[in-house]
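The values are calculated or read from the model by the stated rules, or taken from the named source; none is laboratory data. Keep in mind that this is a model prediction, so the values were computed, not measured. Here the Cβ positions follow ideal geometry from the backbone for every residue, glycine too, while neighbour counts run over all protein chains shown.
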4 protein chains.
Amino acid sequence: MSDKAEMADVQSMPDDREIEIDKVGVKNVKYPIIVLDKVNSIQNTIATIDMYVNLPHHHKGTHMSRFVEILHENKNMINMKNFPEILKELKNRLDAESSHMIIRFPYFIKKEAPISKTQSYMEYQCGIWGSMDNDDIMKEFVVSISAPINTLCPCSKEISRYGAHNQRGVAKVDLKVKKFFWIEDIINIIEKCASSDIYSILKREDEKYITERAFENPKFVEDVVRDIADMLSQDANVRWFAVEAENFESIHNHSAYAYLERNN
Amino acid sequence: MSDKAEMADVQSMPDDREIEIDKVGVKNVKYPIIVLDKVNSIQNTIATIDMYVNLPHHHKGTHMSRFVEILHENKNMINMKNFPEILKELKNRLDAESSHMIIRFPYFIKKEAPISKTQSYMEYQCGIWGSMDNDDIMKEFVVSISAPINTLCPCSKEISRYGAHNQRGVAKVDLKVKKFFWIEDIINIIEKCASSDIYSILKREDEKYITERAFENPKFVEDVVRDIADMLSQDANVRWFAVEAENFESIHNHSAYAYLERNN
Amino acid sequence: MSDKAEMADVQSMPDDREIEIDKVGVKNVKYPIIVLDKVNSIQNTIATIDMYVNLPHHHKGTHMSRFVEILHENKNMINMKNFPEILKELKNRLDAESSHMIIRFPYFIKKEAPISKTQSYMEYQCGIWGSMDNDDIMKEFVVSISAPINTLCPCSKEISRYGAHNQRGVAKVDLKVKKFFWIEDIINIIEKCASSDIYSILKREDEKYITERAFENPKFVEDVVRDIADMLSQDANVRWFAVEAENFESIHNHSAYAYLERNN
Amino acid sequence: MSDKAEMADVQSMPDDREIEIDKVGVKNVKYPIIVLDKVNSIQNTIATIDMYVNLPHHHKGTHMSRFVEILHENKNMINMKNFPEILKELKNRLDAESSHMIIRFPYFIKKEAPISKTQSYMEYQCGIWGSMDNDDIMKEFVVSISAPINTLCPCSKEISRYGAHNQRGVAKVDLKVKKFFWIEDIINIIEKCASSDIYSILKREDEKYITERAFENPKFVEDVVRDIADMLSQDANVRWFAVEAENFESIHNHSAYAYLERNN
């Protein structure tokens, strides 16, 4: 092989297998991003990002470098508001008929301990994913929010002379909505539906409060998803939701799990 | 609280929130299982298992202990053949209208190096998942098989004076089929569609063979999924398939990815 | 480049940087192995294996294929008894002055629930690592055993009117011993030192028993490591040990952790 | 149990097992932190943090809430410069004789593609850990920096008629130094010692450049660690270093690995 004066564009060459590809692109890109924050207006975080487009049957390959270029040119701003714009740009720049993006990122909220009011940051795993079709309308658009929680077993409390097993769990809500909402408000709902919410710093008076609150408020994973579903079903902004709860059981080495999804 | 002469069955208590739960059960159970092996008839492996049933709106909770009991009573045998029976038992024992199970397990195959014929074991990640409805008919039943592969970039080869970047990748096939098939046969298809398959032991003559074979056989992730799709679409036993390929790019710190699904 | 009649042995070429390499070899090899089992004499499991040797400054590279060959030729048997033999073979076959191996594997034990006596398998993470020097004597030889446990917080119990937060934790013991011992016996020690041990299947009567036992038996991570240390320091077979305990706190999203090591 | 007017301080109670604990504290705390950045003076990132102190044999437990309090009061600033101060505060606030902290965080650097000069961010995994003894002097203080790299196999190139297998790898440097240094400078050294460094965006002219550069510059993991060691041994600021390189081999499903450590 000799040096080429003009480099071949292998990706743009014709393909005769006649097989369209549903999604092609980059996966697991780690990138610093800036998201919207209810209290501080913006928050710096780090996302794991997948970006895809469809590939018509007559093209051999897609142009992988353009995906991260779009991310970078957007000055790392990604959020519920500009997500559709990015998907549109993706579709246009890659000359595609559909585009898809999934971002996952930790989101931090400053939280006060219930009695001592000591402040600390709590981490919540969030995500946004969406797809756009040829008509530039979002085909799917989901925001996903997880919160670590405490759950205390109603059965264990009921049958035991004292105590009740409890554990860390995580509850996750996926939402299709009508208009923008704040992550903080959904976390608030999730935490209210647990036996107790959890914190990064707890002084002794807080620990007493949380222990007693959880004991007064036993919840199966089944209760957690039902209580969250109950609140979300009354939210006029929510068109569809899925709720799941997973307990890292303290008496087993596996999880208890519940899931439901509903149209509002 | 005092000791109870008779223990309350809290899970069976009525629930008035009127919210049915789609899936409730155990998640991330690690269990030794025995699967079917084309050469040795059976293979011992270790599975990660999720088992769920639906929960009618009038019941407060499910009975978590029965899930793992079913696993254990089945003498750890789980495979494509008895999967429907386990789902049926799950549904019956939990008094439910639908049941779901997902198992994921590593599967080992003894493989010969291409020239030296040196033998070693290769690990392939496999999975089976399925759902059963009230009529005892499988609603969904998918077998999933992944194989690590080598892919050499056609663009890099074409535009460079010498060499071409290549990397480890993984290709995954999900299948809905008409009747039982051997995992080995699907792995065989996947490995044929890569730039080269990969091995646990390679002597120098094998390394030369694989290097040259990959260079003669450049493939984008797009090519890998199309070639696998081409072969699966000619398999009369396959009713539906999804194929994905992910390259752990050697020139990037992220993956290139392609996905397609088709009805046959 | 043309086809070579005789293939160069690049690894054996001289190196003039005058830098000896402490460890070189293969890492993260997944292989089916057979370990010793107190009840069933042997157990099939799957190991993640690292194997290294030193590389004198005058050699350019090591011969990577020989590492997995030794594994395979050994018919997948690896255990405390033949570990030194494998290290010796590694050193000899790679023409090295020192050799190192680390294996990690899940080990399953059939366990009876405390009251109902229902049987199920529990998974314990185990490991063996060792190094051999030029004199064929083991320089380091450590067996590592982890067990998932339940811990109930003594502070939470003391300060609260009712209940006490508890959680899943994991306790790990690393041991240097004089002669062979059974993994089962160390797991037994670890489980006795927790607020309660944990199970894959628990019926209601078992859940009551475990809830009450944990409440009667509160333990900080500090208590867990001290109680295990107390028992190990009385074991004449143990020359050195390290103990760690990690609680996946049910009131925090991080762990509480304690560690100590001692010569006996 | 009745409500306590004054809450017992269980952790401060005496302990009669006479066993000192080497390390006790919090593990796996996720916290937003601010680190120093050569170009932008500071960088927002997210750390995973472990903080421990020793616990004298006569105390039952440590006070877990104070660890994260110190983090928070420090306004999330953690870096090589204030690390000793945090360790000192940890020791004092917990009334201990030794303190330990480990932080791990992703660090992003804006990087230009070699020919097209297209800009994008690259992620590098970094860490700092240290211990302080009773005399307020750092007993151990290590900065750890990882960079993803491309490595092309010298043996494969030599024995094959064309091509050479190459793959993504990662090289890690651990350093004990005399005075502050910039993470960027060590990344620069690591990337020079690979077959090629890697990027988040590469246009076709960059891909050609990197493919050819890697082919002209074949490296075993052995070569990577030796070349890095060679450069670090000439750095007067470095008192001790450890270097490791791991290749995610493109012809195997396991890694090739090399490690060495030296006093300068």
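Those residues that are within 11 Å of another protein chain (Cβ to nearest Cβ), among the basic types (Lys, Arg) and in contact with a Ser or Thr (Cβ under 8 Å, 6 or more places away or on another chain), I need them from the range C:56-110; list them, please.
Within the range C:56-110, C:Lys60, C:Lys110 meet the criteria.
I'd like the full set of residues that are more than 7 Å from chain D (Cβ to nearest Cβ) and assigned to a strand (DSSP E or B), limited to the range B:159-205.
B:Gly169, B:Val170, B:Ala171, B:Lys172, B:Val173, B:Asp174, B:Leu175, B:Lys176, B:Val177, B:Ser196, B:Asp197
Residues in the range D:155-169: is at least one of a type in the set (Val, Ile, Thr) and touching a residue at least 24 places away in the same chain (Cβ under 8 Å)?
For the range D:155-169, residues of a type in the set (Val, Ile, Thr) and touching a residue at least 24 places away in the same chain (Cβ under 8 Å): absent.
What's the total number of residues in the range D:226-257 that are within 25 Å of B:Ala164 (Cβ to Cβ) and of a type in the set (Gly, Ala, Ser)?
Number of matching residues: 4.
Within the range A:172-182, identify whether any single residue is touching a Cys at 6+ places or on another chain (Cβ under 8 Å) and under 26 Å from A:Asp37 (Cα atoms), and answer yes or no. Full working, then the answer.
Pass one, the range A:172-182, residues touching a Cys at 6+ places or on another chain (Cβ under 8 Å): none.
No, the range A:172-182 contains no residue that is touching a Cys at 6+ places or on another chain (Cβ under 8 Å) and under 26 Å from A:Asp37 (Cα atoms).
For the range A:140-158, name all the residues that are in a strand (DSSP E or B) and either within 11 Å of A:Lys176 (Cβ to Cβ) or among the polar types (S, T, N, Q) (or both).
Across the range A:140-158, the qualifying residues are A:Glu140, A:Phe141, A:Val142, A:Val143, A:Ser144, A:Ser146, A:Asn150, A:Thr151.
Could you please find all residues in the range D:65-122 being in a strand (DSSP E or B), under 30 Å from D:Arg213 (Cα atoms) and touching a residue at least 40 places away in the same chain (Cβ under 8 Å)?
Passing the criteria: D:Pro106, D:Tyr107, D:Phe108, D:Ile109, D:Lys110, D:Lys111, D:Gln119, D:Ser120, D:Tyr121, D:Met122.
Listed here are the residues, each with its yes/no results for (1) farther than 19 Å from A:Asp230 by Cβ; (2) modelled with pLDDT of 95 or more.
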site	(1), (2)
B:Ala8	yes, no
B:Asp16	no, no
B:Ile21	no, yes
B:Val26	yes, yes
B:Val29	yes, yes
B:Ile34	yes, yes
B:Ile49	yes, yes
B:Lys81	yes, no
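How about the range C:218-264: which of its residues are outside any strand (DSSP E or B), of a type outside the set (Phe, Trp, Tyr), facing another protein chain (nearest Cβ under 8 Å) and touching a helix residue (DSSP H, G or I) at 6+ places or on another chain (Cβ under 7 Å)?
Within the range C:218-264, C:Ile251 is the sole residue that qualifies.
Only one residue in B:Ile201, B:Ile159, B:Ile128 is farther than 26 Å from C:Thr45 by Cα and not charged (D, E, K, R), so which one is that?
B:Ile159
Considering the range A:216-232 alone, what residues qualify as being buried (at least 22 other Cβ atoms within 10 Å of the Cβ) and within 12 Å of A:Thr151 (Cβ to Cβ)?
A:Lys219, A:Phe220, A:Val221, A:Glu222, A:Asp223, A:Val224, A:Val225
Between D:Lys176, D:Lys203, which is surrounded by fewer than 21 Cβ atoms within 10 Å (Cβ to Cβ), in contact (Cβ under 8 Å) with a residue 40 or more places away in the chain, of a type in the set (Lys, Arg) and touching a strand residue (DSSP E or B) at 6+ places or on another chain (Cβ under 7 Å)?
D:Lys176 is the lone residue from the list that is surrounded by fewer than 21 Cβ atoms within 10 Å (Cβ to Cβ), in contact (Cβ under 8 Å) with a residue 40 or more places away in the chain, of a type in the set (Lys, Arg) and touching a strand residue (DSSP E or B) at 6+ places or on another chain (Cβ under 7 Å).
Being touching a strand residue (DSSP E or B) at 6+ places or on another chain (Cβ under 9 Å) and crowded, with 17+ Cβ neighbours inside 10 Å is the filter here, so list the residues in the range D:49-64 that pass it.
Taking the range D:49-64 as the starting set, the residues that turn out to be touching a strand residue (DSSP E or B) at 6+ places or on another chain (Cβ under 9 Å) are D:49-62, D:64.
Result: D:Ile49, D:Asp50, D:Met51, D:Tyr52, D:Val53, D:Asn54, D:Leu55, D:His59, D:Lys60, D:Gly61, D:Thr62, D:Met64.
Evaluate the range B:235-257: report whether one residue or more is over 29 Å from C:Val26 (Cβ atoms) and out of contact with any strand residue (DSSP E or B) (no Cβ under 7 Å at 6 or more places or on another chain).
Yes, there is a match, as at least one residue in the range B:235-257 is over 29 Å from C:Val26 (Cβ atoms) and out of contact with any strand residue (DSSP E or B) (no Cβ under 7 Å at 6 or more places or on another chain).
Taking into account only those residues within the range A:20-31 that are crowded, with 19+ Cβ neighbours inside 10 Å and not charged (D, E, K, R), which is farthest from B:Val243 (Cα to Cα)?
Ranking the qualifying residues of the range A:20-31, first place goes to A:Tyr31.
With the condition kept exactly as written, say whether any residue in the range C:44-59 is aromatic (Phe, Trp, Tyr), part of a strand (DSSP E or B) and touching a residue at least 12 places away in the same chain (Cβ under 8 Å). If you could, list the steps in order and put the result at the bottom.
Going residue by residue through the range C:44-59, those that are aromatic (Phe, Trp, Tyr) are C:52.
Subsequent filtering for residues that are part of a strand (DSSP E or B) retains C:52.
Of the ones still in play, those that are also touching a residue at least 12 places away in the same chain (Cβ under 8 Å) are C:52.
Scanning the range C:44-59 turns up at least one residue that is aromatic (Phe, Trp, Tyr), part of a strand (DSSP E or B) and touching a residue at least 12 places away in the same chain (Cβ under 8 Å).
Name every residue in the range B:124-170 that is of a type in the set (Phe, Trp, Tyr) and over 24 Å from D:Arg204 (Cβ atoms), in order of residue number.
B:Tyr124, B:Trp129, B:Phe141
I'd like the full set of residues that are surrounded by 21 or more Cβ atoms within 10 Å (Cβ to Cβ) and of a type in the set (A, V, I, L, M, F, W, C), limited to the range B:233-264.
Answer for the range B:233-264, where residues must be surrounded by 21 or more Cβ atoms within 10 Å (Cβ to Cβ) and of a type in the set (A, V, I, L, M, F, W, C): B:Phe241, B:Val243, B:Ala245, B:Phe248, B:Ile251, B:Ala256, B:Ala258, B:Leu260.
Within the range D:8-43, which residues are under 30 Å from C:Gln234 (Cβ atoms), in a strand (DSSP E or B) and facing another protein chain (nearest Cβ under 10 Å)?
Residues satisfying the conditions are D:Ile21, D:Asp22, D:Lys23, D:Val24, D:Gly25, D:Lys27.
Hey, any hits in the range B:102-114 for a residue that's farther than 24 Å from B:Ser146 by Cα and small (Gly, Ala, Ser)?
In the first step, residues of the range B:102-114 are kept if they are farther than 24 Å from B:Ser146 by Cα; the result is none.
No, the range B:102-114 contains no residue that is farther than 24 Å from B:Ser146 by Cα and small (Gly, Ala, Ser).
When only residues in the range D:86-114 that are more than 28 Å from D:His58 (Cβ to Cβ) and not hydrophobic (A, V, I, L, M, F, W, C) count, which is surrounded by the most Cβ atoms within 10 Å (Cβ to Cβ)?
D:Tyr107
Within the range B:246-264, does at least one residue satisfy the condition of being at pLDDT below 95 and in contact with a Ser or Thr (Cβ under 9 Å, 6 or more places away or on another chain)?
First, the residues of the range B:246-264 that are at pLDDT below 95: B:264.
Subsequent filtering for residues that are in contact with a Ser or Thr (Cβ under 9 Å, 6 or more places away or on another chain) retains B:264.
Yes, that holds for at least one residue.
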